[in-house]
1. What ranking do 18-25, 89-96 get when scored by the average of other Cβ atoms within 10 Å per residue, highest first?
2. Taking 35 Å as R0, compute the FRET efficiency from the Cβ-Cβ separation of residue 66 and residue 26 and round it to 0.05.
3. Say each of residue 55 and residue 35 gets a label point 7 Å from the Cα, pointing the same way as Cα to Cβ; how far apart are those two points in nm?
4. Would you please give the residues with an amide H less than 5 Å from that of residue 36, counting only those at least 5 places away or on a separate chain, with H modeled from the backbone geometry?
5. What helices in the chain pass both tests, a Cα length along the helix axis of 27 Å or more and a mean Kyte hydropathy of 1.0 or higher, using whole DSSP H runs?
6. Quick one: length gained pulling residue 95 to residue 147 fully straight, 0.36 nm per residue minus the C-alpha distance?
7. Calculate, in whole percent, how much of the Cα-Cα pair population of segment 77-117 lies beyond 17 Å.
8. Just to verify a number: FRET efficiency for residue 114 and residue 3, C-beta to C-beta distance, R0 = 35 Å, to 0.05?
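The numbers here are math on the coordinates, done by the rules we state, and not lab data. Predicted model, so just to flag it, every value in this text is computed and none were measured. No Cβ is skipped: glycine too gets one built from the backbone with ideal geometry, and neighbour counts run over all protein chains shown.
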Amino acid sequence: MTVTQQTLIIVKPDAVQRALAGAILSRFEAKGLRLAALKLLQIDRPLAERHYAVHQGKPFYEGLVQFITSGPVVVGVLEGPNAIEATRNLMGATNPVTAAPGSIRGEFALEIGQNLVHGSDAPETAEYEIGLYFKPEDIVSYHRDVDRWVAE
Ligand code: IDP
Ligand code: MG
């Protein structure tokens, strides 16, 4: 079933450092998703801890927090039909070695700890994560003329 959703994406520090931010955003745009919010920031430790709270206590948690706070990121909200699943599929599997060719991680990454991009995994997480980075008034819902050529 097609349902219009919003999802949070983060173009991670490795992608910004490798000058892939534009290319990655472009993949989501080309898919047909709309940018509803966008900004560049450096995530601090308290924000990283809130974002990755579900991973607290896992062996990779400390490295993950170090990594996500290590440089600027681009954070955005994508909107469109089934935006959460569409974004996750375009990102590819968490481990870039096994991520499908054609996906962002499959095309551009090799390491699970440096996998370029984050996307919310469910409607509840999307709502929580969007709220970590954006106030309601920062999000602009709109329609483009092209949208009728993307979804009926
Ligand atoms: P996701 O980003 O595909 O949703 P999650 O399981 O939510 O994957 O993990 C969050 C992030 O934590 C991953 O994107 C990855 O950067 C990192 N991560 C997950 N599992 C491992 C691991 O086993 N080793 C190192 N880093 C990991
Ligand atoms: Mg996740």
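1. Details: 18-25: 16.5, 89-96: 18.5.
Ranking the peptides 18-25, 89-96 by packing returns 89-96, 18-25.
2. Values: r = 28 Å, r/R0 = 0.81.
Once the sixth-power term is evaluated, E becomes 0.80.
3. 2.5 nm
4. 77, 78, 79
5. Details: long enough: none.
Helices meeting the criterion: none.
6. Details: separation 52, 0.36 × 52 = 18.72 nm, distance 3.21 nm.
Length gained, residue 95 through residue 147: 15.5 nm.
7. On the way: 234 of 820 pairs.
That tail contains 29 percent of the Cα-Cα pairs.
8. Details: r = 32 Å, r/R0 = 0.92.
Step by step, r from the Cβ atoms, then E = 0.60.
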